[in-house]
Amino acid sequence: MKFIAALDYKHLDNGMFLSSFARSLSKKSERGIIIHGDSEYTNRIIQTGVMREEATIRATKDLNHRLVALFADEGVPAIALNGYQKSMITIDQDEIQIDINQIKNLPGETVILISNLVLNENQTVQPVSLSKLSDALRSAFDLEHIILFSTKDGADMMVKEYPKIIQKGDKSDESALHQVPEEFKSIECNIKLTTPSVF
């Protein structure tokens, strides 16, 4: 795997962002992993009377299928997976375990799309934080950084500013840190901050 890219909560509910991301993905020759969790779609399911826990799982699974369809529209072959399938990603006492051989052995030169739904020690499905999952995958595949997308309004129009590398623990570039998606503010690894058009 050449990269780990994370689609955060807010960007998953942004059609323009997702279309731009899919177009850029179609031009990439490297094989990588894209991870995602739920989005604002969860709240729309809750409004129909579903409990939050169930709504989160349902929304995440649905997004997994929708993203593959979106990628297919741009000619991007992708394999959609939820982390819990075949016990590929498990969590036990807050420790994430990844069966990397399962991921490495997936067929073809396809993009691998993985949700943050994993199997816990009670053999039930639960979501884990995207920051924790992305760092665990980065470590498992021995990559230098994870790829995140700037939350700055209009960032995709300022392509000369990106990508930006934020080193682990470096607090000096406040403007870049403000562009890191909320769920990754406390992540303890190197970040490559970019936009969908230069991804």
Handout entry: Single residue of 165, 147, 187, 191 found to be open to solvent by 50 Å² or more (accessible area, probe 1.4 Å) and in contact with a strand residue (DSSP E or B) (Cβ under 8 Å, 6 or more places away or on another chain)
Key = 165
Exercise for the section: Could you check, for the stretch 61-73, whether at least one of its residues is modelled with pLDDT under 95, assigned to a loop (DSSP other than H, G, I, E, B) and of a type in the set (Gly, Ala, Ser)? Expected result: no
Practice task
Six or more apart or on different chains, Cβ under 6 Å: which pairs go from a residue in the stretch 2-21 that's closer than 19 Å to residue 103 by Cα and in contact (Cβ under 8 Å) with a residue 60 or more places away in the chain to one that's open to solvent by 20 Å² or more (accessible area, probe 1.4 Å) and assigned to a helix (DSSP H, G or I)? Could you list them?
Solution key: 4/138
Exercise for the section: Collect the residues in the stretch 88-116 that are on the phi > 0 side of the Ramachandran plot and either open to solvent by less than 60 Å² (accessible area, probe 1.4 Å) or under 15 Å from the mean Cα position of the chain (by Cα) (or both), keeping them in residue-number order. Expected result: 108
Problem - Qualifying residues in the stretch 43-61 (those that are aliphatic (A, V, I, L, M) and free of Cβ contacts under 8 Å to residues at least 12 places away in the same chain) - the one least open to solvent (accessible area, probe 1.4 Å) - result: 50
Fill in the blank from the handout: Exception for residue 135 within (1) open to solvent by less than 50 Å² (accessible area, probe 1.4 Å); (2) within 20 Å of residue 190 (Cα to Cα); (3) outside any helix (DSSP H, G or I) falls at (3)
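The values are calculated or read from the model by the stated rules, or taken from the named source; none is laboratory data. A quick note: this is a predicted structure, and the numbers were derived from the prediction, not measured. So basically every Cβ, Gly included, is an ideal-geometry build from the backbone, and we count neighbours across all protein chains shown. In case anyone asks, the SASA skips ligands and DNA or RNA and just uses the protein heavy atoms, side chains included. Shrake-Rupley method; radii C 1.70, N 1.55, O 1.52, S 1.80 Å.
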